[in-house]
Amino acid sequence: MRLSLGAKVFNSAVSDPGRIVFFAAYPHMYGGNERGLELLANGLLARGWAVGVVVPSEGEVAERLRAAGIAVDVVEAPPTLRIYGGATTGRRAIQAAVALPAYWARLRRRMQGADVVHTFAQRAFVLAGPAARLARVPLVWQVGGADPGRVVNEAAARTAHAVIAVSRAAATDLPRAARVHIVPVAVDSAAFDPPPSQEAVGVHIVTAARLTPEKGVDILVRAAAILRERISDLRVLVIGGAQDGHEAYRDELTRLTADLGVRSNVSFRGRVDQPFRHWGGARVYVQPSRREGFGLAAGEAMASGLPVVATDVGGLAEVVDDAGVLVAPDDPQALADAVAALLDDPERAARLAAAGRERAAATYTLDRMVDGVEAVYRTLSRA
């Protein structure tokens, strides 16, 4: 069946392949999805695409993308649509539902004339997916994480003209009838040569994760308490800040480090733009996630030449595979044992580090990601 959407036929071999409008739903948070968006946008720009990003408010994302030379358009969403951390329930959910149609109408006007609207994750589909359909522009929905919520996943997958999943695991709960394309996220090329970092001198374990329950930093803190019995000068560096709506989890981590007596061993660095610039010199990278659609930080750690210990969940297991050590989630003892084994065996740690670097260089490159996304865009003109 061919779509009659008034869009031009895309051809990456010509000088003007088309215009892409991205929609980024979290204007205040510059995490893995947003870093992947920046890389993708710049990669498409380099190949002649016209690229713009729409966000629902000013914030860190708009500032960071503009600084990278990417055009950003703010279509201000009402406050009821800018509540994060799962707090849109009850009366707030009703108010948000009432506000959506007017916001779709405003977005529709900004999207008309585009060749593709490309949205990321569930929130972006809810805020912008219907607007793209109203504008009669082909909609690509990218599943960047193993999000819960099958109802939204079903609706998004059936509404979008094409779905990009960043891993096989991220596509698991999508309808079989959906047109799903697996396109892994690229690792920033700068991650392959990170500068030495004074912060990481003497650090045994480093992780980069926003402070939300799904990232499992509490499990790492508990593992640190176990490891400190063996390593008296243990140092753990956590890179990542609290996400709006999850402040209680950040406070819980603070209490946990005190209760377990590891406050002096575990340092919370806060959020940074490129975590790999702050971990050069650490000995082991750990990703203790409870769920993960991809695991960009683990890929960057592999590129940086750090041995990786990660939980055997979702896309994270696909990223690391046999180039690192995989352990069960929610198991501090298993995590502590895996880290201790690498700290005690530098030769094995070096072998895994080399294998991880080779895997990242072969698999998670910008050219491969842009090739995959362009191939998806081209399918829209042939549907």
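Please treat every number below as a calculation from the coordinates, not as lab data. From a predicted model like this one, the values you see are computed outputs, not experimental measurements. When we count neighbours, we look across all protein chains shown, and the Cβ atoms used for this are built from the backbone with ideal geometry, even at glycine.
Using modelled amide H (1.01 Å from N, peptide plane; none on Pro or chain starts), what sits under 5 Å from the amide H of PHE22, excluding residues fewer than 5 places away?
Amide H to amide H, under 5 Å and 5 or more residues apart or across chains, PHE22 pairs with GLY52, VAL53, VAL54, HIS118.
Rounded to the nearest 5, what % of the DSSP beta bridges within the chain are antiparallel ones?
0 percent
Measure off 7 Å from each Cα along the Cα-to-Cβ vector at ASP233 and ASP273, then give the distance between these two points in nanometres to one decimal.
Between ASP233 and ASP273, the label points sit 3.4 nm apart.
Can you work out the Karplus-derived ³J(HN,Hα) for every residue in the stretch 184-193? Use 6.51 cos²θ - 1.76 cosθ + 1.60 with θ = phi - 60°, whole Hz, and x for glycine or proline.
So the Karplus estimates, Gly and Pro as x, are x, 6, 8, 8, 4, 4, 5, 5, 6, 9 Hz.
Sequence-distant or interchain residues sharing an amide H contact under 5 Å with VAL327, placed H: which?
Under 5 Å from the amide H of VAL327 lie the amide H atoms of ALA310, THR311, ASP312, each far enough along the sequence or on another chain.
Using a Gaussian network model of the chain with C-alpha springs under 10 Å, which one of PHE192, PHE294, PHE276 is most mobile by mean-square fluctuation?
Among PHE192, PHE294, PHE276, the largest GNM mean-square fluctuation belongs to PHE192.
For semi-axes √(5λ) of the Cα gyration tensor in Å, several values are listed as (i) 37, 23, 18; (ii) 45, 24, 19; (iii) 71, 26, 20; flag the one computed from this structure.
The calculated read-out lines up with (i).
Assuming 0.890 mPa s and 25 °C, estimate D for the stretch 69-198 with Stokes-Einstein, Rh taken as the Kirkwood radius over Cα pairs, in µm²/s.
This corresponds to a translational diffusion coefficient of 150 µm²/s.
Counting other beta carbons within 10 Å of each Cβ, put GLU34, GLU199, GLU300, GLU154 in order, fewest first.
Placing the least packed residue first, the sequence is GLU154, GLU199, GLU34, GLU300.
Residues with amide H under 5 Å of LEU211's amide H, sequence separation 5 or more or different chain, H placed in the peptide plane at 1.01 Å from N; which?
For LEU211, whose amide H was placed from the backbone, the distant partners under 5 Å are GLY241, ALA242, GLN243.
Determine the sum of side-chain charges near HIS118: Lys and Arg each +1, Asp and Glu each -1, restricted to other residues whose C-beta is under 12 angstrom from that of HIS118.
Net of charged neighbours comes to -1.
Tell me, how many Å apart are the Cα centres for the stretch 183-221 and for the stretch 28-100?
23 Å
Between ALA93 and THR379, take the C-beta separation as r, use R0 = 35 Å, and let me know the FRET efficiency to the nearest 0.05.
The calculated FRET efficiency here is 0.50.
Taking R0 as 35 Å, what FRET efficiency do you get between ALA341 and HIS28 from their Cβ-Cβ distance, rounded to the nearest 0.05?
0.35
Using DSSP to call loops (not H, G, I, E or B), can you name the trypsin sites (Lys or Arg not before Pro) in the stretch 128-191 whose Cβ has at most 10 other Cβ atoms within 10 angstrom?
ARG176
Full extension from ARG47 to SER189: what is 0.36 nm times the residue separation minus their Cα-Cα distance, to one decimal in nm?
49.4 nm
State the extension gain, in nm to one decimal, for the chain segment bounded by GLU252 and ARG348, taking 0.36 nm per residue of separation less the distance between their alpha-carbons.
Answer, rounded to one decimal: 31.1 nm.
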